[in-house]
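Coordinate-derived values only; no laboratory data. Bear in mind the structure is a predicted one, so any value in this text is a computation, not a measurement. Using ideal geometry, Cβ is built from the backbone for each residue, glycine included, and neighbour counts are taken over all protein chains shown.
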């Protein structure tokens, strides 16, 4: 039976989603080990999207095939019991058809990126936000973000090690709002290139600080060259909030 | 010169606000040490309210007297520099008259308490919320909370070690809202007894789980006996959000 699992995790103590060499703790390994510990089966999970070291999730989705029949409650609670005390939890477990694929069936990925824009360092939100001291103005950032919406070659916002075949992506949403000292970005697309959200946020932060104009974002996009865009925002501000199917 | 400092902190790694024996890290000690380190003066801070071990603050207020003249920027940034890497930060520093007293001038204390009401354990909000698994209903909790509003003898909601002279307090607000899996309590009063918010939340949680009726809260209040009320909710869900003057 194929299972769809919806996960929440704090990415801080992990080397990222993907299993790496022994001794380096990945979320994938923690999850696969917990599944094996409860079911006795060797489990290989497929994820909707690999997250980098330090990146969080409130709604990551994976699928995994298990031979034996289990109840929803057992799958969810037993995996959670074996994940303790690691900060990874199965929010929902759902049996799905064999045609469901966490990666290839996904029609939407949604991310939230949060900046703490104030003088004082973060305390309660340490490892959850990007601390930016210079006062940022969100209006020009919104103007800059508008240039990124739609179907484009996003080579300027793509990590050097990105394994996607094409740099073409369709950005459906890039909303920027302010809530007190917090600046919140919501980005949605069918899929993103590696580091795309963090590179868009890093580039827009230059606009927010007044060092770039909104039009510079358009020129950076059109250059189709990573060197033409701004810095990569740090991972801790990023959360994969939802995967839609 | 007297300074009013507004603080944010993560209470998790501390034994609480109050300085205790050497070797136990209190927020008071961390702050006083940072003030001394930057100013060279022995500092004694007075707080609007001592928070217990594990309780957080987004708007704690203290006052401290410094002999030398400093700029607002220096006081705020220098204390923050010396507090690193502890999760305590000065959000605002403001010179005030000698008549200002962080404790006695306070006219309002506001707290937020958050419950995570779901099956899966917390990950991103670990140490920030109280995890309650049984499904809770907020309507009867609101009915129960209504009995606590106003001027009452709160002996039933008072810690055994509470040092207040009188158990009489006026509860101005006790709002309960739901946001997805989160149940949020907002409590406001001129002052609270020791553990009062946590004891009110713990008692109302019994109502939320259907084990108590809203009227049982009224009877617990009228008993004027700690044993008549419900359990003390754990500290990690509590945040001192604001002190009004």
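The table that follows gives values for the structure above.
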{"read-out": "Shape of region B:8-155, Cα gyration tensor, a/c cut at 1.5", "value": "prolate"}
{"read-out": "10 Å Cβ neighbours from other chains, averaged over peptide B:155-161", "value": "0"}
{"read-out": "Calculated diffusion of the protein assembly as shown, Stokes-Einstein form, Kirkwood radius summed over Cα pairs, 4 °C and 1.567 mPa s, µm²/s", "value": "52"}
{"read-out": "Cα centroid of region A:22-38 to Cα centroid of region B:34-90, whole Å", "value": "42"}
{"read-out": "Average partner coverage of A:88-97, which counts Cβ from other chains inside 10 Å", "value": "2"}
{"read-out": "Relative contact order of region B:108-244, defined on C-alpha pairs under 8 angstrom at six or more residues apart (%)", "value": "38"}
{"read-out": "Spacing of the two label points (7 Å from each Cα toward its C-beta) at residue B:24 and residue A:163, in nm", "value": "5.2"}
{"read-out": "Listed residues B:14, B:104, B:185, most fluctuating in chain B (Gaussian network, C-alpha, under 10 Å)", "value": "B:104"}
{"read-out": "Percentage relative contact order, region B:2-96, counting C-alpha pairs under 8 Å, at least six apart", "value": "43"}
{"read-out": "Label spacing, shortest first and in nm, from residue A:137 to its equivalents in the remaining copies (7 angstrom along Cα→Cβ)", "value": "5.4"}
{"read-out": "Shape call, region A:153-245: gyration tensor on alpha carbons, a/c limit 1.5", "value": "oblate"}
{"read-out": "Innermost chain A residue relative to the axis carrying A onto B, by Cβ distance in angstrom", "value": "A:128, 5"}
{"read-out": "10 Å Cβ neighbours from other chains, averaged over peptide B:5-11", "value": "3"}
{"read-out": "Distance histogram for region A:143-204 (every C-alpha pair counted, 10 angstrom bins, percent rounded to whole numbers)", "value": "21, 56, 19, 4, 0"}
{"read-out": "Region B:87-245 pair-distance distribution - Cα-Cα, 10 Å bins, rounded %", "value": "11, 38, 33, 15, 3, 0"}
{"read-out": "Shortest-first nm distances, residue B:21 label point to equivalent points in other copies (7 Å, Cα→Cβ)", "value": "4.6"}
{"read-out": "Isotropically averaged projected area of region B:60-99, using the convex hull of Cα atoms (one quarter of hull area), nm²", "value": "3.2"}
{"read-out": "Sorted by Cβ neighbour density within 10 Å, fewest at the top, the residues A:17, B:212", "value": "B:212, A:17"}
{"read-out": "Theoretical ellipticity at 222 nm over chain A - DSSP helices of four or more residues, -39500 (n - 2.57) apiece, nearest 500", "value": "-7000 deg cm²/dmol"}
{"read-out": "Most mobile of A:21, A:125, A:143 in a GNM of chain A (Cα contacts under 10 Å)", "value": "A:21"}
{"read-out": "Highest-first arrangement of B:204-210, B:170-176, where packing means the average Cβ count within 10 Å", "value": "B:204-210, B:170-176"}
{"read-out": "Chain lengthening between residue B:1 and residue B:68 when straightened (0.36 nm per residue, less Cα-Cα)", "value": "23.4 nm"}
{"read-out": "Using a 7 Å Cα-to-Cβ projection, residue A:96 label spacings across copies, nm, ascending", "value": "5.5"}
{"read-out": "Segment residue B:98-residue B:77, length gained on full extension (0.36 nm per residue, minus Cα span)", "value": "5.3 nm"}
{"read-out": "Which of B:197, A:96 has the fewest Cβ neighbours within 10 Å, and the rest in rising order", "value": "A:96, B:197"}
{"read-out": "Relative contact order, percent, chain A [alpha-carbon distance under 8 Å, six or more residues apart]", "value": "24"}
{"read-out": "Cβ-Cβ FRET estimate between residue A:213 and residue A:107, R0 fixed at 35 Å, reported to 0.05", "value": "0.55"}
